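S.K.: First the structure, which I've put down as structure tokens, then a few questions once you've had a look.
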Amino acid sequence: MQLKKPHILLVFLCIYRITTSAQVPKTDDTTLESKINEVEHSLKSQVHIQGEALWNLEERMLKYQVQGLSIAVINNYEIEWAKGYGTTNNAEKGRVTPQTVFQAASMSKFVNAMALMKLKELQNVDLDADINTLLSSWKFPYNTSISEQTISLRQLMSHTAGISTHGFGGYKDAKKLPSIIEILAGTNPANSEKVKPLGSPNKNFKYSGGGTTISQLILSDVTNMSYEKFVNENLFTPLQMNNSFYSIELKKYPQDIAFGHLRNGKTLKNRYQIYPESAAAGLWTTPSDLGKLLIDLQLSLANKNGKVLSTASSKELITPPLTTEISALGLFVENRNGHTYLQHSGSNRGFRGKFYVGAANGKGVIVMVNGTNTKIIEEIIRSVALVYEWSGFSNIEIASDQALQNSDLKKYTGTYVFKNREVIVSIKKGKLIAEEKRKWSTSLTPIGGSLFVADAIQPETKIEFVSDKEGTVNKLIAHQGVSIKWKKVDKK
């Protein structure tokens, strides 16, 4: 199990009045309006202190200096409402509306997985075959000194192929975009590394946008058509995802488009990056459009006649190939107190987003931001889960006097190991800090006894410290869907 990297907080200086635009049923449904208002006033941190007021969305946008965001809420297998907040910083279309398109970033990988599962149904593609039997325009450069095992499409989709290239930086303009083969080979004008093997497949989770890009080429090679055309014909058109297109489809760019922003709040000089890596990061869409595809998956899982995939294919898509991981095909699967939820986040230069939907309850939410702030996204998801009473979501509350003194925390400090990985727990400014060097770092909030919540890690992660018979802390257990034990070692 991999603890996910903490989200990065966006801070910038810009004062403006937040404007909103909503898309709700035509009927004057005061109950729905009341529910929307409740969502907007129920934001909170992962661990809520008893007695403290919940937060207002407008206040949080001002606090985080968020320029604009867009939300779509799924309830009972339909988009119950969608609403835009703030500004695009686009002179053509100033306010964010439900039709404003944002970069989906890595949420594109979910769309890619749906497309590949459709390809499997249409052409009986074997997800477990050697990918080089599916590729014709390029071959993956296996290295037998690293592993003699071949790689499968299923492994590419679930990030279990053991290959390189975490993500992509995009390109400032469309004048000199690399081909997919140039991207995979890491040759000019590509600005990313060569996609290559790093370890044995089917052993561990290792996120790889490079692997997703190989799957993009597989789809084109197998079908003899462009990746974008296949997705348009088999996903976007049947579901009327009319506001969805890819970075390289320049003629489809609408006026109602959000501009990306840097961490300091400035609009990107080129407004947005262009991503020829369509499958991994290149989708432009709206929360409502992405919601249509997620609902179709939910309907198929419930055997309610989804338009894209069969129930069998949908169930296969949400099944992690490795039982020790939560990474399925194009999304991540979380178990919340016996209830299954599906999620994926996205992070492109100047854009962030995330979807979080139930596998069996017909509920969900999609949030997109034209900046680098992700904290507000998690707060919105928690608010929707609270207001719509999502099954399995527990409200973590602690008493105001729960804070522990340094003397209480000291016994938890030290080095903990799992396989060849190492986590260091220390105390900074009166809080426990857990860190895996050069990978992630998070503060830990106590929620009772020796149990803590990792503040900056998603999916929700609880850290439990275990003591031996003498009362000495000798292990750390990370609960994140599955439980992994980290043994404390003496590093003196």
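The values are calculated or read from the model by the stated rules, or taken from the named source; none is laboratory data. Keep in mind the model is a prediction, meaning the values are calculated, not measured. A quick note on method: Cβ atoms are made from the backbone with ideal geometry, for glycine too, and the neighbour counts reach across all protein chains shown. Accessible surface is based on the protein model in full, side chains and every heavy atom, while ligands, DNA and RNA are left aside. Shrake-Rupley method; radii C 1.70, N 1.55, O 1.52, S 1.80 Å.
Rundown of residues vs (1) polar (S, T, N, Q); (2) modelled with pLDDT of 95 or more; (3) surrounded by fewer than 19 Cβ atoms within 10 Å (Cβ to Cβ), yes/no style:
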| position | (1), (2), (3) |
| --- | --- |
| TRP138 | no, yes, yes |
| PRO141 | no, yes, yes |
| ILE163 | no, yes, no |
| LYS176 | no, no, yes |
| GLU182 | no, yes, yes |
| THR187 | yes, yes, yes |
| ASN191 | yes, yes, yes |
| LEU198 | no, yes, yes |
| LYS203 | no, no, yes |
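S.K.: A follow-up question, please. Tell me, which residue of the range 333-356 that is in a strand (DSSP E or B) and of a type in the set (Gly, Ala, Ser) is farthest from SER106 (Cα to Cα)?
M.R.: Filtering first and then ranking leaves GLY353.
S.K.: Within the range 248-292, work out how many residues are surrounded by 19 or more Cβ atoms within 10 Å (Cβ to Cβ) and free of Cβ contacts under 8 Å to residues at least 40 places away in the same chain.
M.R.: 0
S.K.: VAL222: surrounded by 21 or more Cβ atoms within 10 Å (Cβ to Cβ) and assigned to a helix (DSSP H, G or I), yes or no?
M.R.: no
For (1) closer than 22 Å to GLY330 by Cβ; (2) touching a helix residue (DSSP H, G or I) at 6+ places or on another chain (Cβ under 6 Å), each residue gets a yes or a no:
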{"position": "THR150", "(1), (2)": "yes, no"}
{"position": "HIS159", "(1), (2)": "yes, no"}
{"position": "SER164", "(1), (2)": "yes, yes"}
{"position": "GLY169", "(1), (2)": "yes, no"}
{"position": "ILE181", "(1), (2)": "no, no"}
{"position": "THR187", "(1), (2)": "no, no"}
{"position": "GLU193", "(1), (2)": "no, no"}
{"position": "PRO197", "(1), (2)": "yes, no"}
{"position": "PRO201", "(1), (2)": "yes, yes"}
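S.K.: Has the range 455-467 got at least one residue that is in contact with a helix residue (DSSP H, G or I) (Cβ under 7 Å, 6 or more places away or on another chain), modelled with pLDDT of 85 or more and closer than 26 Å to LYS354 by Cα?
M.R.: no
S.K.: A further question follows. Can you tell me how many residues in the range 443-482 are in a strand (DSSP E or B), in contact (Cβ under 8 Å) with a residue 40 or more places away in the chain and closer than 18 Å to PRO320 by Cβ?
M.R.: Of the residues in the range 443-482, 3 are in a strand (DSSP E or B), in contact (Cβ under 8 Å) with a residue 40 or more places away in the chain and closer than 18 Å to PRO320 by Cβ.
S.K.: Now a separate question. Across the range 75-115, what is the total count of residues that are open to solvent by 10 Å² or more (accessible area, probe 1.4 Å), out of contact with any Ser or Thr (no Cβ under 9 Å at 6 or more places or on another chain) and either at pLDDT below 95 or within 18 Å of LEU283 (Cα to Cα) (or both)?
M.R.: Total meeting the criteria: 2.
S.K.: Right, next: Exactly one condition in (1) open to solvent by 10 Å² or more (accessible area, probe 1.4 Å); (2) touching a helix residue (DSSP H, G or I) at 6+ places or on another chain (Cβ under 7 Å) is false for GLU325; which is it?
M.R.: Just one mismatch for GLU325, condition (2).
S.K.: Is there a residue in the range 448-468 that is farther than 30 Å from ILE381 by Cα, open to solvent by 50 Å² or more (accessible area, probe 1.4 Å) and over 21 Å from the mean Cα position of the chain (by Cα)?
M.R.: For the range 448-468, residues farther than 30 Å from ILE381 by Cα, open to solvent by 50 Å² or more (accessible area, probe 1.4 Å) and over 21 Å from the mean Cα position of the chain (by Cα): present.
S.K.: Check off (1) surrounded by fewer than 18 Cβ atoms within 10 Å (Cβ to Cβ); (2) at pLDDT 95 or above for TYR416 and give me the number that stays unchecked.
M.R.: Only one criterion is unmet by TYR416, namely (1).
S.K.: Taking GLY330 and the conditions (1) touching a residue at least 24 places away in the same chain (Cβ under 8 Å); (2) assigned to a helix (DSSP H, G or I); (3) over 30 Å from LYS63 (Cβ atoms), which numbered condition does it fall short on, given that it satisfies the others?
M.R.: Only one criterion in (1) touching a residue at least 24 places away in the same chain (Cβ under 8 Å); (2) assigned to a helix (DSSP H, G or I); (3) over 30 Å from LYS63 (Cβ atoms) is unmet by GLY330, namely (2).
S.K.: Given the conditions (1) within 22 Å of HIS166 (Cα to Cα); (2) assigned to a helix (DSSP H, G or I), report the number of the one that LEU122 does not fulfil.
M.R.: (1)
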